[in-house]
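Data block below; observations after.
The values are calculated or read from the model by the stated rules, or taken from the named source; none is laboratory data. Note that this is a predicted model, so its numbers are computed, not measured. Reconstructed Cβ throughout: ideal geometry from the backbone, glycine too, with neighbour counts over all protein chains shown. The protein model used for the area step is the full one, side chains on, heavy atoms only, and it has no ligands, DNA or RNA in it. Shrake-Rupley method; radii C 1.70, N 1.55, O 1.52, S 1.80 Å.
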Amino acid sequence: MSADWPAWEVFVRARRGVNHVHAGTVHAPDAGLAIENARDLYTRRSEGVSLWVVRSSDVVSSDPDERHSMFDPAADKSYRQPTDYELPPEVAHM
Amino acid sequence: MSGPTDNSPLLTYVLRQGDRSLVLAQRLLENVAHAPELEEDMALGNIALDLIGQARLLYTYAGEIDGEGNDENHYAYWRDDTDFTNPLLVEQPNGDFAHLVTRQFLYDAFAAPFWAALAMSSDESLAAIAAKAVKETAYHLRHSRGWMIRLGDGTDESHQRMQAAVDQLWRFTDELFEQDAVEEGLQAGGVAPDMEALRAQWTATVDAVLAEATLTHPEDSTMRNGGRRGAHDEPFSFLIGEMQVVARAHPGASW
Amino acid sequence: METEEEKFDALIDADDRIEPTDWMPENYRKTLIRQIAQHAHSEIIGMQPEGNWLTRAPSLRRKAILTAKVQDEAGHGLYLYGAAETLGTDRSELLDLLHAGRQKYSSIFNYPTLTWADIGAIGWLVDGAAIMNQVPLCRCSFGPYARAMVRICKEESFHQRQGFQIMLTLANGTDAQREMAQDALNRWWWPTVMMFGPADADSPHSEQNMRWGIKRISNDDLRQKFIDATVPQAELLGLTIPDPDLHWDEERETYDIGEIDWDEFWTVVGGNGPCNDDRMATKVGAYNEGEWVREAASAYAIKQAARAKEVAA
């Protein structure tokens with residue numbers, strides 16, 4: 001039997017109205033203790049109002065070797081950015 | 001204890017609550033850097049901090065009641081071991097982690113309904129201190145309860161260790177609910193809760209958790225008490241001596 | 001076509017961050033694992049000399065502060081182990097290496113804490129030195145390490161302040177308290193000065209680590225920065241730094257210090273300091289004593305998962 005506890009990724013919501021943001025990891029044998037450990041490690045200075053934990057082994061990430069084919073094609077689509085559109089100076093806000 | 005305020009039941013009552021929190025914190029602090037996993041060191045540190053915070057509020061309030069200009073440190077550092085009135089349960093020396101968790105759980109299962117009831121006190125200061133402790137204690141109970149079940153229903157070894165801890169500590173549980181003339185007087189004024197009424201809640205929590213943890217409690221323990229009279233167990237004097245050693249070596253110094 | 005190594009070098013040259021899934025030279029990985037692990041071990045072993053005084057803190061406020069600080073150290077150890085784990089090594093492996101004496105922790109924690117003033121001196125000097133070391137690491141090229149350091153530095157600023165405040169209170173206190181403070185400074189000064197590691201001339205890996213953005217400022221430069229910041233603070237406290245050769249160098253516009261006793265440094269690094277054996281025995285003992293707990297919690301988690309499956313079926 002392995003005594004080593006698995007790692008969990010911790011996400012903290014800093015206050016109402018904002019997303020949960022990745023804070024780091026904890027080790028815990030089960031989800032309940034993972035939440036408690038995350039609380040004790042990541043919110044002891046009032047950094048959070050809500051927590052998510054997910055087993056690190058359950059996180060699926062994109063392949064770093066494919067990052068060029070995944071992310072570079074977005075680079076030439078500047079027309080998605082509002083700054084791509086020049087407006088006459090009379091139009092103050094749009 | 002000596003002095004003109006000997007007979008202030010409220011002072012006596014407030015010190016009892018402060019002593020209980022401080023002595024348990026002191027035992028937890030002895031264990032720092034000895035938890036089975038780093039995350040648990042964090043958890044026990046948080047619990048200890050909450051308990052120290054409770055003691056500080058209660059001792060500060062005691063100083064106000066006393067009216068002698070005593071601050072929180074007076075009650076922690078300048079009373080003798082026999083002046084402390086905590087129940088024996090919280091002073092029990094650290095054994096293994098099973099012992100620590102069981103001591104914490106048996107206390108938390110008491111503290112949660114106790115602070116909740118005290119939060120209704122007619123004494124506004126006590127009610128405010130208790131209201132803060134209610135939240136802290138709810139979390140402590142969640143944590144110690146989780147460990148009772150994990151270890152009770154874990155491996156053969158953990159089960160045996162947990163059962164031994166329950167068997168050993170059970171005898172100190174009755175004292176948590178002890179009431180005397182001080183309490184009865186304060187109950188009449190709505191200051192203090194009726195301890196007998198809390199016992200049912202404690203029993204319900206403890207029975208449910210022990211069952212889930214596949215543990216049992218002894219049926220015929222000879223119950224121990226004496227803490228309230230300052231009649232502590234032998235190791236207690238060492239705990240107090242250690243706590244006070246620096247402060248007492250330098251009377252009048254500030255830190 | 002650019003090789004992996006060229007891509008890595010280009011990121012380093014651009015002062016960009018390396019992330020765990022990026023290709024990296026094997027030595028970069030090894031160096032980081034060793035350095036982050038050593039840093040994490042230092043936080044954890046560092047809990048002992050201070051934890052030692054939790055039960056004796058002379059006021060309830062000091063007791064609470066020290067508890068929070070020692071707890072932060074456990075937290076900082078956890079952040080750092082987490083950063084090391086992104087490089088593909090489990091915390092348990094790193095702990096095994098520590099326990100086997102194959103990875104080190106900061107030698108400063110092999111000195112004993114003998115009086116309450118040592119708690120002040122550790123906060124003021126040791127944490128002060130640690131912060132000097134750590135602030136540049138917030139810009140370390142390895143993302144997870146840099147992020148852990150940002151969090152740690154933010155939390156640690158109170159550690160040094162509370163230590164200085166203890167020293168200030170003692171220095172302005174009774175004669176006995178002032179003596180206690182001076183004695184603590186006498187014992188902690190030189191070990192703290194040595195915390196920055198060997199002189200640059202004797203620091204074999206420094207150049208490569210600078211190139212890789214793992215190290216940003218050299219040992220001697222950091223040491224000098226620390227001394228220049230600390231000497232005026234000691235004067236403010238009215239305490240004497242135990243170095244008869246200490247003086248302001250008009251030309252360099254910085255403090256010169258006397259000869260560092262590197263023999264002592266290497267003795268302690270080599271495992272023969274006053275507390276090396278005790279620190280390790282305590283750490284290994286606690287870890288081994290916790291084995292049945294970790295095992296039982298894992299066993300319970302497996303049982304629970306099986307029960308949940310049964311219910312679902």
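Based on protein heavy atoms only, chain B ends up with 37 Å² per residue of surface accessible to a 1.4 Å probe.
Suppose a student asked you for the relative contact order of segment A:7-70, using Cα pairs under 8 Å spaced at least 6 residues apart; what percent would you report?
39 percent
How big is the convex hull of the Cα atoms of the protein assembly as shown, per residue, in Å³?
234 Å³
With a cap of 16 neighbouring Cβ atoms within 10 Å, and only residues DSSP puts in a loop, list the trypsin sites (Lys or Arg not before Pro) found in segment C:46-154. Sparse-neighbourhood loop trypsin sites (Lys or Arg not before Pro): C:ARG102, C:LYS104, C:ARG139.
Solvent-accessible surface of chain C, averaged per residue with a 1.4 angstrom probe and all protein chains in place: 42 square angstrom. Got a sec? Which residues in segment C:258-297 would a label at C:ASP202 touch, if it sits 7 Å along Cα→Cβ and we count backbone N under 16 Å? It comes to C:258-273, nothing else. Using a simple spin-label model with pseudo-atoms 7 Å out from Cα toward Cβ, C:ARG307 and A:SER78 lie 6.2 nm apart.
Over chain B, what portion of Cα pair distances is larger than 21 Å, expressed as a whole percent? In whole percent, the long-distance tail amounts to 58. Result for chain C in a Gaussian network model with C-alpha springs under 10 Å: among C:ASP90, C:ASP278, C:ASP249, the largest mean-square fluctuation is at C:ASP249.
A quarter of the convex hull surface defined by the alpha-carbon atoms of segment A:7-70 gives 5.3 nm² as the mean projection. For segment B:71-143, applying the loop criterion from DSSP together with a ceiling of 16 other beta carbons within 10 Å to the GluC sites (Glu not before Pro) yields no site.
Go ahead and run the numbers for FRET between A:VAL54 and B:ASP207, Cβ-Cβ distance against an R0 of 45 Å, rounding to 0.05. The pair A:VAL54/B:ASP207 has a calculated efficiency of 0.85.
So, with a 1.4 angstrom probe, what is the percent of accessible area on segment A:7-70 that is carbon and sulfur? Write down the numbers at each step before the final one.
Numbers: 1780 of 3510 Å².
Carbon and sulfur: 51 percent of the exposed surface of segment A:7-70.
Across chain C, the longest piece that holds none of the GluC sites (Glu not before Pro) lying in DSSP loops with up to 13 other C-beta atoms within 10 Å covers C:3-249. Each chain gives up part of its surface: B and C jointly bury about 4000 Å² of accessible area, both sides summed, for a 1.4 Å probe.
Take each residue in C:17-23, count the other chain C-beta atoms within 10 Å of its C-beta, and the mean is 2. Pairing chains A and C buries close to 1800 square angstrom of accessible surface in total, based on protein heavy atoms and a 1.4 angstrom probe. The H on the amide N of C:PHE142, modeled in the peptide plane, is under 5 Å from the matching H of C:ILE18, each at least 5 residues off or on a different chain. Taking every DSSP helix (H) stretch of at least 4 residues in chain C, weighting each as -39,500 (n - 2.57) and dividing the sum by the residue count yields a mean residue ellipticity at 222 nm of -21000 deg cm²/dmol. For the peptide B:148-156, the mean number of other protein chain Cβ atoms found within 10 angstrom of a residue's Cβ is 6.
Under a Gaussian network description of chain C, with springs only between Cα atoms under 10 Å, the residue in C:ALA100, C:ALA181, C:ALA301 that fluctuates furthest is C:ALA301. With Cα atoms defining each centre, segment A:26-94 and segment C:181-230 are spaced 37 Å apart in the structure.
A full extension of the chain between C:ASP96 and C:TRP266 corresponds to an added length of 58.9 nm, given 0.36 nm per residue minus the alpha carbon distance.
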